[in-house]
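One structure below.
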Amino acid sequence: MADFEKLICDIIELEGAVRVLSARTSEEALTIARRKLAEIEAALNEEAAEPVVETPEPVEKPIVVSEPVEEPIVVSEPVEVAVEPAYHDLRKLLTLNDKFMFRRELFDNNDEEFNATIDLLSAMHSLDEVEEYLYYDLAWDRENPTVVLFHEFVARAFNEEK
(Lines give C-alpha, C1' and ligand atoms only; values in the text may rest on other atoms or scores of the structure.)
Protein backbone atom coordinates (compact mmCIF):
# COMPACT_ATOMS: atom_id res chain seq x y z
CA MET A 1 0.00 0.00 0.00
CA ALA A 2 2.89 2.36 0.77
CA ASP A 3 4.21 1.90 -2.78
CA PHE A 4 0.80 2.86 -4.15
CA GLU A 5 0.73 6.03 -2.01
CA LYS A 6 4.29 6.90 -3.14
CA LEU A 7 3.20 6.44 -6.76
CA ILE A 8 0.24 8.78 -6.25
CA CYS A 9 2.53 11.40 -4.65
CA ASP A 10 4.96 11.07 -7.57
CA ILE A 11 2.14 11.53 -10.06
CA ILE A 12 0.91 14.65 -8.22
CA GLU A 13 4.44 16.10 -8.23
CA LEU A 14 4.77 15.26 -11.93
CA GLU A 15 1.48 17.04 -12.61
CA GLY A 16 2.77 20.09 -10.78
CA ALA A 17 5.99 20.13 -12.79
CA VAL A 18 4.01 19.77 -16.02
CA ARG A 19 1.77 22.71 -15.02
CA VAL A 20 4.88 24.82 -14.47
CA LEU A 21 6.31 23.70 -17.81
CA SER A 22 3.09 24.60 -19.59
CA ALA A 23 3.29 28.17 -18.30
CA ARG A 24 7.00 28.66 -18.81
CA THR A 25 9.90 26.33 -19.33
CA SER A 26 12.46 26.22 -16.57
CA GLU A 27 15.35 23.81 -16.30
CA GLU A 28 14.43 23.03 -12.70
CA ALA A 29 10.81 22.14 -13.57
CA LEU A 30 11.99 20.07 -16.54
CA THR A 31 14.47 18.20 -14.34
CA ILE A 32 11.81 17.55 -11.70
CA ALA A 33 9.34 16.32 -14.32
CA ARG A 34 11.91 13.97 -15.86
CA ARG A 35 12.96 12.61 -12.46
CA LYS A 36 9.37 12.01 -11.35
CA LEU A 37 8.51 10.36 -14.66
CA ALA A 38 11.49 8.03 -14.26
CA GLU A 39 10.39 7.15 -10.71
CA ILE A 40 6.85 6.43 -11.91
CA GLU A 41 8.11 4.25 -14.77
CA ALA A 42 10.35 2.33 -12.35
CA ALA A 43 7.42 1.77 -9.99
CA LEU A 44 5.21 0.61 -12.85
CA ASN A 45 7.94 -1.72 -14.13
CA GLU A 46 8.19 -3.29 -10.67
CA GLU A 47 4.45 -3.91 -10.70
CA ALA A 48 4.68 -5.32 -14.23
CA ALA A 49 7.21 -7.88 -13.02
CA GLU A 50 4.55 -9.41 -10.78
CA PRO A 51 2.57 -12.25 -12.39
CA VAL A 52 -0.55 -11.04 -14.13
CA VAL A 53 -3.56 -13.21 -14.75
CA GLU A 54 -4.52 -12.78 -18.36
CA THR A 55 -8.15 -12.63 -19.32
CA PRO A 56 -9.30 -13.68 -22.75
CA GLU A 57 -9.94 -10.83 -25.17
CA PRO A 58 -13.62 -10.06 -25.69
CA VAL A 59 -15.08 -10.99 -29.03
CA GLU A 60 -16.28 -7.97 -30.94
CA LYS A 61 -19.92 -8.13 -31.90
CA PRO A 62 -21.15 -6.24 -34.94
CA ILE A 63 -23.35 -3.24 -34.22
CA VAL A 64 -26.79 -3.64 -35.69
CA VAL A 65 -28.90 -0.55 -36.20
CA SER A 66 -32.56 -1.43 -36.36
CA GLU A 67 -33.79 2.00 -37.44
CA PRO A 68 -32.07 4.48 -39.72
CA VAL A 69 -30.98 7.72 -38.11
CA GLU A 70 -33.36 10.43 -39.25
CA GLU A 71 -31.39 13.54 -38.32
CA PRO A 72 -27.83 13.84 -39.49
CA ILE A 73 -25.24 14.31 -36.81
CA VAL A 74 -23.54 17.66 -37.21
CA VAL A 75 -19.98 17.83 -36.03
CA SER A 76 -18.72 21.34 -35.60
CA GLU A 77 -15.10 22.14 -36.15
CA PRO A 78 -13.02 22.47 -33.00
CA VAL A 79 -12.59 25.98 -31.72
CA GLU A 80 -9.14 26.97 -30.58
CA VAL A 81 -9.06 29.11 -27.48
CA ALA A 82 -5.89 30.99 -26.76
CA VAL A 83 -5.22 30.93 -23.05
CA GLU A 84 -2.60 33.28 -21.80
CA PRO A 85 -0.52 31.48 -19.18
CA ALA A 86 -0.76 33.18 -15.82
CA TYR A 87 2.29 34.20 -13.94
CA HIS A 88 2.27 35.77 -10.51
CA ASP A 89 5.79 36.52 -9.34
CA LEU A 90 5.59 35.01 -5.86
CA ARG A 91 9.37 35.01 -5.42
CA LYS A 92 9.62 38.82 -5.49
CA LEU A 93 7.20 39.03 -2.55
CA LEU A 94 8.98 36.43 -0.40
CA THR A 95 11.12 37.82 2.36
CA LEU A 96 14.11 35.75 3.45
CA ASN A 97 12.38 35.01 6.76
CA ASP A 98 9.20 33.91 4.96
CA LYS A 99 11.17 31.61 2.70
CA PHE A 100 12.97 29.94 5.61
CA MET A 101 9.80 29.63 7.70
CA PHE A 102 7.63 28.21 4.90
CA ARG A 103 10.33 25.82 3.73
CA ARG A 104 10.98 24.60 7.30
CA GLU A 105 7.36 24.39 8.47
CA LEU A 106 5.52 23.30 5.32
CA PHE A 107 8.14 21.49 3.21
CA ASP A 108 10.29 19.74 5.85
CA ASN A 109 13.31 21.83 4.78
CA ASN A 110 13.11 20.41 1.26
CA ASP A 111 14.21 23.30 -0.96
CA GLU A 112 13.38 21.39 -4.15
CA GLU A 113 9.74 20.80 -3.12
CA PHE A 114 9.43 24.40 -1.92
CA ASN A 115 10.75 25.81 -5.23
CA ALA A 116 8.61 23.47 -7.34
CA THR A 117 5.50 24.47 -5.40
CA ILE A 118 6.28 28.20 -5.68
CA ASP A 119 6.78 27.77 -9.45
CA LEU A 120 3.53 25.83 -9.73
CA LEU A 121 1.54 28.38 -7.73
CA SER A 122 3.06 31.23 -9.75
CA ALA A 123 1.67 29.66 -12.92
CA MET A 124 -1.87 29.21 -11.62
CA HIS A 125 -4.68 31.38 -12.95
CA SER A 126 -6.77 31.98 -9.86
CA LEU A 127 -6.74 31.92 -6.09
CA ASP A 128 -9.42 29.21 -6.21
CA GLU A 129 -7.02 26.99 -8.18
CA VAL A 130 -4.31 27.69 -5.58
CA GLU A 131 -6.64 26.80 -2.71
CA GLU A 132 -7.70 23.58 -4.41
CA TYR A 133 -4.06 22.59 -4.83
CA LEU A 134 -3.04 23.49 -1.26
CA TYR A 135 -6.00 22.01 0.57
CA TYR A 136 -6.88 19.02 -1.62
CA ASP A 137 -3.75 18.01 -3.52
CA LEU A 138 -1.28 18.75 -0.73
CA ALA A 139 -3.92 18.14 1.98
CA TRP A 140 -2.71 21.02 4.14
CA ASP A 141 -4.62 21.83 7.32
CA ARG A 142 -6.54 25.11 6.92
CA GLU A 143 -6.22 25.74 10.67
CA ASN A 144 -2.41 25.48 10.76
CA PRO A 145 -1.06 29.01 11.47
CA THR A 146 1.80 28.62 8.98
CA VAL A 147 -0.61 27.43 6.29
CA VAL A 148 -2.81 30.46 7.02
CA LEU A 149 0.23 32.76 6.62
CA PHE A 150 1.24 31.00 3.39
CA HIS A 151 -2.30 31.37 2.02
CA GLU A 152 -2.32 35.09 2.93
CA PHE A 153 1.04 35.51 1.19
CA VAL A 154 -0.24 33.87 -2.02
CA ALA A 155 -3.54 35.78 -1.87
CA ARG A 156 -1.58 39.04 -1.55
CA ALA A 157 0.42 38.14 -4.67
CA PHE A 158 -2.75 37.41 -6.65
CA ASN A 159 -4.48 40.59 -5.45
CA GLU A 160 -1.52 42.85 -6.28
CA GLU A 161 -1.71 41.80 -9.94
CA LYS A 162 -5.28 43.10 -10.38
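The values are calculated or read from the model by the stated rules, or taken from the named source; none is laboratory data. Source: prediction; values computed, not measured. Heads up, the Cβs are rebuilt from the backbone with ideal geometry, glycines too, and the neighbour counts pull from every protein chain shown.
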Condition check for Arg91: at pLDDT 80 or above and in contact with a Ser or Thr (Cβ under 9 Å, 6 or more places away or on another chain): yes
Quickly run through segment 91-145 and pick out the residues that are under 17 Å from Ala157 (Cα atoms) and acidic (Asp, Glu). Asp98, Asp119, Asp128, Glu129, Glu131, Glu132
